[in-house]
1. Checking B:G45 against (1) open to solvent by 20 Å² or more (accessible area, probe 1.4 Å); (2) part of a helix (DSSP H, G or I); (3) in contact (Cβ under 8 Å) with a residue 24 or more places away in the chain, only one condition comes out false. Which one?
2. Of all residues being away from DNA strand C (no atom under 12 Å from the Cβ) and surrounded by fewer than 15 Cβ atoms within 10 Å (Cβ to Cβ) in segment B:26-42, which is nearest to the other protein chains (Cβ to nearest Cβ)? Just the residue, please.
3. Anything in segment B:118-163 that is of a type in the set (V, I, T) and open to solvent by 50 Å² or more (accessible area, probe 1.4 Å)? List them, or say none.
4. Of the residues B:L112, B:L202, only one is within 11 Å of chain A (Cβ to nearest Cβ), in contact (Cβ under 8 Å) with a residue 60 or more places away in the chain, more than 23 Å from A:W195 (Cβ to Cβ) and not aromatic (F, W, Y); which?
5. Of all residues in segment B:82-99 being touching a Pro at 6+ places or on another chain (Cβ under 8 Å) and touching a residue at least 40 places away in the same chain (Cβ under 8 Å), which is surrounded by the fewest Cβ atoms within 10 Å (Cβ to Cβ)?
6. If you scan segment B:48-76, which residues turn out to be open to solvent by 30 Å² or more (accessible area, probe 1.4 Å) and more than 16 Å from DNA strand C (Cβ to nearest atom)?
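The values are calculated or read from the model by the stated rules, or taken from the named source; none is laboratory data. As the structure is a computational prediction, the values presented were derived from the model and not from experiment. When we count neighbours, we look across all protein chains shown, and the Cβ atoms used for this are built from the backbone with ideal geometry, even at glycine. Side chains are part of the model used for accessible areas, which takes the heavy atoms of the whole protein and leaves out ligands, DNA and RNA. Shrake-Rupley method; radii C 1.70, N 1.55, O 1.52, S 1.80 Å.
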2 protein chains.
Amino acid sequence: MSTVPAFKRLPRAVREQQMLDAAVKVFSRRGFHAASMDEIAEDAGISKPMVYAYLGTKEELFVACLHREGTRMMQAIAGAAAPDLPADERLWRGLKAFFGFVGAYRDGWAVLYRQARGEQPFAGELATMRARLVEVVAGMLDHALRAEGREIAALDLEVVAYALVGATESLADWLADHPDADPEKTATRMMNVAWLGAAQLLHGVTWHPPAD
Amino acid sequence: MSTVPAFKRLPRAVREQQMLDAAVKVFSRRGFHAASMDEIAEDAGISKPMVYAYLGTKEELFVACLHREGTRMMQAIAGAAAPDLPADERLWRGLKAFFGFVGAYRDGWAVLYRQARGEQPFAGELATMRARLVEVVAGMLDHALRAEGREIAALDLEVVAYALVGATESLADWLADHPDADPEKTATRMMNVAWLGAAQLLHGVTWHPPAD
DNA sequence: GCGTAACCTTACGCACGAGTAGGTATGCTC
DNA sequence: GAGCATACCTACTCGTGCGTAAGGTTACGC
């Protein structure tokens with residue numbers, strides 16, 4: 001009996017995206033564990049076995065979410081920061097793109113990111129992404145340094161980059177929690193903290209602990 | 001039949017601490033959800049109902065852990081940074097205490113902190129703690145600013161403080177993942193990033209976005 | 001030396017949610 | 001319009017782990 005099928009049959013690729021959308025939404029609202037596959041399926045307007053058929057287990061589904069959102073973010077940043085610009089310009093554009101992304105996908109990114117930090121199975125996944133970011137930032141600093149004829153130990157550089165990335169993530173959290181805040185303004189603030197400090201370091205100014 | 005009671009009966013206060021120790025350990029190793037009350041009880045050398053009798057449900061237990069560790073940390077920091085010192089000295093001592101704490105309680109703090117970020121029921125708890133830290137840092141900056149006859153909008157100050165706290169947490173994570181790293185050296189690195197940038201801001205140097 | 005209160009146990013109920021078995025409908029190809 | 005692949009469903013199984021009921025044992029007051 002075909003009393004108008006309530007909703008159309010859709011090709012796999014489309015349904016997969018719908019499922020991912022729903023998954024991101026539910027995971028971000030509930031957290032990984034509290035989210036149920038049933039709720040995700042319902043939110044996607046589909047039944048549970050379909051989710052398993054297309055995206056696999058809950059963990060695999062979460063990883064798929066991470067990948068999609070992560071790739072989107074990386075592309076947004078990479079597309080903005082051309083490698084032949086001066087360091088401060090690159091940093092500025094990268095930050096602008098980053099905060100723009102977070103502002104646009106508040107739900108998606110910020111909370112997935114927050115989720116992934118805590119859960120062991122995904123921490124590695126996330127660490128890889130962050131490592132790439134740290135590497136980019138460290139490379140930027142190193143490049144700028146060499147241009148000035150200076151050099152810092154690689155480890156120090158990495159730690160500085162790590163701190164900058166951490167500060168940025170922290171402001172991203174702040175941005176995600178303040179829906180009325182302006183992404184670009186946040187990027188400017190970050191520049192003020194990050195670049196002014198980094199610029200000092202690049203010019204050879206350093207701080208030393210007092211003898212006590 | 002009293003064939004030597006395997007382990008002594010202990011007063012409540014002692015057992016509670018043992019339980020909290022075990023809970024911190026297990027939560028940090030497994031994560032909140034993956035941790036089971038059975039394992040915590042076993043690790044504490046006690047049976048499960050005792051845990052329920054003394055510390056309540058799993059959530060309440062976790063909150064108790066957060067409180068204990070959080071209080072310890074706050075005390076460590078507060079004890080180090082006397083309010084009548086100059087800003088950079090306070091910042092330095094605060095950071096030293098903070099990283100020292102993280103270094104000493106790697107298990108306890110770092111992972112509890114990482115856990116709490118993700119899980120909704122505790123995010124608020126954590127946010128309160130961080131808010132206190134941000135407030136302290138912001139107050140420090142504000143104090144230093146007034147001493148120089150300057151002023152920045154409160155919101156800007158808060159955001160800067162937020163970024164600094166974020167960078168610090170990020171390095172704390174790094175420290176927790178590098179057991180051979182030296183807490184004090186990490187604190188010095190943080191000082192280099194944070195203070196050099198902040199000092200610039202305090203002296204009225206700011207960065208402005210290029211017109212594009 | 002006996003009650004009573006606090007400490008501690010074993011052994012279970014029960015809900016929740018991941019994952020699946022097995023079956024139905026729809027469109028596409030020849 | 002038969003056959004076949006693909007989209008899709010309802011309705012289950014079953015493990016896991018939180019929280020508890022009911023009862024044993026040790027210390028301590030009187």
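1. (2)
2. Here the answer is B:A34.
3. B:T128, B:V136, B:I152, listed by residue number.
4. B:L112
5. B:R90
6. If the condition is that a residue be open to solvent by 30 Å² or more (accessible area, probe 1.4 Å) and more than 16 Å from DNA strand C (Cβ to nearest atom), then B:E60, B:V63, B:H67, B:R68, B:T71, B:R72, B:M74, B:Q75, B:A76 are the ones that fit.
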